[in-house]
Every structure is written in structure tokens, then in C-alpha cells.
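Asks: After the C-alpha cells below, expect a handful of questions from me.
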Amino acid sequence: MLVRTVVHAVVLTAIALVTVQPPLAQAASSIAVSPSTGAYGYAYGLPTAQQARDHALQECARQASDCREMSSWEQPGYLAVAKGDHGIAVTQGQESDAAARRVALEGCLQRYARCEIDRVALDAVDPTSH
């Protein structure tokens, strides 16, 4: 009986450790785009807005010389980038991967032709990693 009780307690503890996860913390993200080429750079999951902006601009600058910040945000959630024939559409803060894909694609199709999802990511900082 003692062995069964100990095993039961260990299993319950293991289940509690696996199922109790801390909430995702606020994260900073940014998208930079080149108006002349449509090239873009992005950053997500960074602790500060300035870090996200700098990273996105640097990534875009590897592809084009006229990059500008398109959008920045500081909320957890899914983000997606849909790329069309002459530009991109971005969404952020969506509750699911599917919602992010849908909203980005709809936004792209309102302005451009031949749109497809180019990037999807969960934008959040894991509070246990800092």
C-alpha cells in the first residue's frame, strides 16, 4: 500500500509539473519593409521595442537600402506575414496560428494578387528563459 501511495504521489506531481505552465509574457516585435523592392525584415519575441526595431531594420537592410519600419507591437500572440506580387500584409496579436494566417492572407488579397503566407510565428517571451 505504501508503494502504491508513493507512486500515486509521484505521478500526480509529474502531471502538475507538466500541465502548469507560466503565462507567456509581453514581447516586442517589428516589421521593416523596402518600399522599392518589397523586401522585408522582421523580429519577434524580443524584450524591448527598440531591440525589435533594430533587428528588423538590419535584416531588411541585408536585402535593400531603403528599409523603413512598417509596424511594431508589444503584445503576445501569433503573427503572420502574407506576401503578394507587389507587397506584404502583416497581422499580429492573433489568438491562433490559423487566425493569423487567415487575417494576413485576407489583408494581402485586398491589395495584391498572388498572395501566400510567408511567415508565421508565436510572438511571446518565455518568462522562464530570463
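Asks: Could you check the spin-label model distance between residue 109 and residue 61? Points 7 Å from the Cα along Cα→Cβ, value in nm.
Replies: Using points 7 Å along Cα→Cβ, the separation is 3.7 nm.
Asks: Assuming R0 = 30 Å, what is the FRET efficiency of residue 98 and residue 49, from their Cβ-Cβ distance, to the nearest 0.05?
Replies: Calculated value: 0.65.
Asks: Give me, ordered by chain and number, the residues 5 or more places off residue 123 or on other chains with an amide H under 5 Å from its own placed amide H.
Replies: It is 77, 78, 79, by chain and number.
Every number in this text was worked out from the coordinates using simple rules, so none of it is lab data. Keep in mind it's a predicted model, so treat the numbers as computed, not measured. A quick note on method: Cβ atoms are made from the backbone with ideal geometry, for glycine too, and the neighbour counts reach across all protein chains shown.
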